[in-house]
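The values are calculated or read from the model by the stated rules, or taken from the named source; none is laboratory data. Quick caveat: nothing in here was measured; it's all calculated off a predicted structure. Note that we place each Cβ from the backbone using ideal geometry, even for glycine, and neighbour counts take in every protein chain shown.
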Amino acid sequence: MGAVCSEDRKHKKRTDEEQKIGDTQIENKDLVSGEQIKIIDEKKDILLKNVPKTFIKTQYKFKLNDLDKNKIYEENIDGDTKLFELLKHFDLRENCDFFLEFENNIKIGTEKISETFENIIAEVFNKNIPEIIEMKYTYRGLNIPENSIMDSYIESSKIIGTAILDNQDLFSIITYERDQDKITPYSYKRKDNEELIKFNLFTAFCNAKGNLYFSGGENEQTYDPDKTFTKYNDFFYIDLSKLNENKDKIIINELPNLIESRTWHSMIYVPYDYIFIVGGSNTKSVEIYNMKTNTITKDSELNEFRSECTLCLVNNIYLYAFCGFLIHQEFNLTIEKCNLLKEERKWEYVNLPEKKDFNLKPSFFGVSYFKNDEILLIGGNDNGDNIHFDYLYKIGKNEEEKDDIEEFNCNLNEVNSSIFRDKLFMPIGNNKSVNIPLIIGEDIKVFILDTENGKISTQSYGETL
């Protein structure tokens, strides 16, 4: 008798559960698709078999339009999938800014990166969930390639150049063509090219896409008893491939003026569309030139003054600003970095571990990509003492792991040629980067760095200016 009553109770309990599910189906029948009704039926079957509810996974069908890449993705996704896990299938960049816009014009952004897709859909659509969830993905940081940094620069380095700016009568450019392993010097009389008056020792330059970009500088006003200086905000480029067209007259292409006049500042090309103009004498500001739009905008602000700091793009994400100097040749010992994948970019200090008997001795050093997320800080000149130092800089693998630095020997013996105006050793091929030093000597030399072992060789071309 007791057994019969117990079975009746179990049967009644199961019937109530079935009725509850059935009522839910009827109540929501106008709000759900056939696919979702099928899922609900599966839930009923699972409940009837006494399978724990945690085993049930709701699936959604979505269509995502990646506006940046002009691609459309369609998939089914489990509701408990976190948004980050969904978007990383579409090359979501680490620590980047983005937003998703749904078909009802509601937007969500980076702050939802750790939430489940189911929770997001519930927030966006409430109960009226469409059969296919359509979204538009917009990336808000800079458009920096995700492939190898080395490869990105190699594409831009078929021909590179350097400028000799400290001669009052002549303006000289030295080009290096990687395919022919060829050096060519060019010199132009300043009196025959009036615009060259603004190219001087305080002008910054960098290589990008076969052009040499110049900005800023200063002119000493000798008639002023206090010897004040006029800073320039001019911005130009010279097409290195066209220097052969006219030996006497140089073609200078004007670009939009910098927002701020600068001297003793630094520049770097960030593939594929940007040039960063960073710091300088008495300014912490950073500007960015967009090659596609031909515009210059204020980008961000350093935490400290940095003249002639060394710049390097790390992991296609962070722009590093190494050291630099302050007034009266006092060197800056700190390092800053900025996440370029953020919509609003901010500079933060890099905290290196303290080491006994280790002192960073910064100077006008160059920088090169090495291997295994490592970069080399090469050469430089310490307060005019003809003493240079090399360092191996190791990038932390994640936010918790600190960067590290240690001494390294690049066997750079020619201390008189160890200062670099364009501080980046430009990658030109597998395990090979080059730089033309500031001081040429009796003939023109190129430093060739083996980026597999960090050894530098000097190649002399028997050319003179």
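Residue-level check: of (1) part of a strand (DSSP E or B); (2) under 16 Å from the mean Cα position of the chain (by Cα); (3) of a type in the set (S, T, N, Q), Asn147 misses just (1). Here Ile174 fulfils each of the conditions (1) assigned to a strand (DSSP E or B); (2) without any contact (Cβ under 8 Å) to a residue 12 or more places away in the chain; (3) not hydroxyl-bearing (Ser, Thr, Tyr) apart from (2). Put simply, of Asn167, Asn128, Asn200 the only residue that is assigned by TED's automatic domain parsing to the domain that holds Lys107 and of a type outside the set (A, V, I, L, M, F, W, C) is Asn128. Within segment 62-82, restricting attention to residues that are under 14 Å from Ile120 (Cα atoms) and at pLDDT 90 or above, the residue that is surrounded by the most Cβ atoms within 10 Å (Cβ to Cβ) is Phe62.
Let's see how each residue does on (1) surrounded by fewer than 12 Cβ atoms within 10 Å (Cβ to Cβ); (2) part of a strand (DSSP E or B):
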site: Leu319; (1), (2): no, yes
site: Glu336; (1), (2): no, yes
site: Leu341; (1), (2): no, no
site: Arg345; (1), (2): no, no
site: Leu352; (1), (2): no, no
site: Asp357; (1), (2): yes, no
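Please indicate, with yes or no, whether at least one residue in segment 168-188 is among the acidic types (Asp, Glu) and within 17 Å of Asp248 (Cβ to Cβ). The answer is yes; a qualifying residue exists. Based on what the data block shows, is Ile160 buried (at least 17 other Cβ atoms within 10 Å of the Cβ) and in the same structural domain as Tyr289 (by TED's automatic domain parsing)? When the stated conditions are applied, Ile160 passes them.
In segment 236-245, the count of residues that are part of a loop (DSSP other than H, G, I, E, B) and either at pLDDT below 95 or under 24 Å from the mean Cα position of the chain (by Cα) (or both) is zero. Here Met267 meets the list (1) at pLDDT 95 or above; (2) closer than 19 Å to Ala163 by Cα; (3) in a loop (DSSP other than H, G, I, E, B) almost entirely, failing just condition (3).
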